[in-house]
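The structure appears right after this line, and notes come after that.
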Amino acid sequence: MALKLIHPSSEAMSKIGQPPMEKPYQRLAANIHELVKQGEFLVGQRLPSERALAERFDVSRTSVREAIIALELQGVVEVRGGSGIYICQPQDAPTRLPVVQETGAGPFELLRARCLIESEIASLAATTRKDADLDKMFGALATMREQMHDKEANEAADRMYHLHIAESTGNSVLLQTVTNLWDQAKGPIWTQIEQHFHSPALRLQSQDDHQRIFAAIVSGDADAARLAMRAHLERVIGEFAQSWR
């Protein structure tokens, strides 16, 4: 039986080469900025709560969080821990700065993807790892512990720990996937949200999480490894989403 070739529609072809669509947080940041320019939110006024903004614009609270970070980087709002988000005095600057036009995934989108993918990778690693793999994971854990008060060194060891877990599956595609996910954790939005919530206390909690993941992989317990990795990344999501007031 002859196969019928299906050609892409003209609409689909027209989208090839076009700029990627804006993320929800990017559209929301632009909408809030427009309301500021229109005078709905005045200089020095506190913005409504993240919950209220999420309900008004029909978006998730994490999209609101990312939009606020984008607006903070533009100098439109000021985040005051324990108090809330306040409108800043307008500055002589473009109305839309490049940060709002970032094409990468937002921090929460990225973390949720990691939670889904790396949890299954940890489960697989518990059944495929070799002694040499465990040695690499242990070495990264030790470096994280030694560099607890050096954020950059600790983060580099953290990255290597997760890559070693992926590497231990023996699947190069999974290793490349985790590498790509970690490489996306850069840029102004990610950096700014880390400045608000990444702390030595968070690194200590992550160290305990990593130890539990390692123990499950050492014991060959696939279910425990999956749950430990998921709990770790869900806790990070929760830390980054905690209220500012």
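The values are calculated or read from the model by the stated rules, or taken from the named source; none is laboratory data. Owing to the predicted nature of the structure, the values given are computational and were not obtained by experimental measurement. Glycine also receives a Cβ, built like all others from the backbone with ideal geometry; neighbour counts cover every protein chain displayed.
Observations on the model:
- All positions within the range 55-67 that are within 15 Å of L35 (Cβ to Cβ) and either of a type outside the set (D, E, K, R) or at pLDDT below 90 (or both): F57, V59, V64, A67
- Screening L134, L202 for residues that are aliphatic (A, V, I, L, M), out of contact with any Phe, Trp or Tyr (no Cβ under 7 Å at 6 or more places or on another chain) and either surrounded by 18 or more Cβ atoms within 10 Å (Cβ to Cβ) or farther than 30 Å from Y25 by Cα (or both) leaves exactly one candidate, L134.
- Hits in the range 195-245 (condition: of a type in the set (D, E) and touching a residue at least 24 places away in the same chain (Cβ under 8 Å)): D209, D221, D223, E234, E239
- The residues of the range 192-230 that are in contact with a helix residue (DSSP H, G or I) (Cβ under 7 Å, 6 or more places away or on another chain) and aliphatic (A, V, I, L, M), listed by number, are I193, L202, I213, A216, I217, V218, A222, A224, A225, A228, M229.
- Filtering the range 20-50 to residues that are modelled with pLDDT under 85 and either farther than 26 Å from V77 by Cβ or not in a loop (DSSP other than H, G, I, E, B) (or both) leaves only P24.
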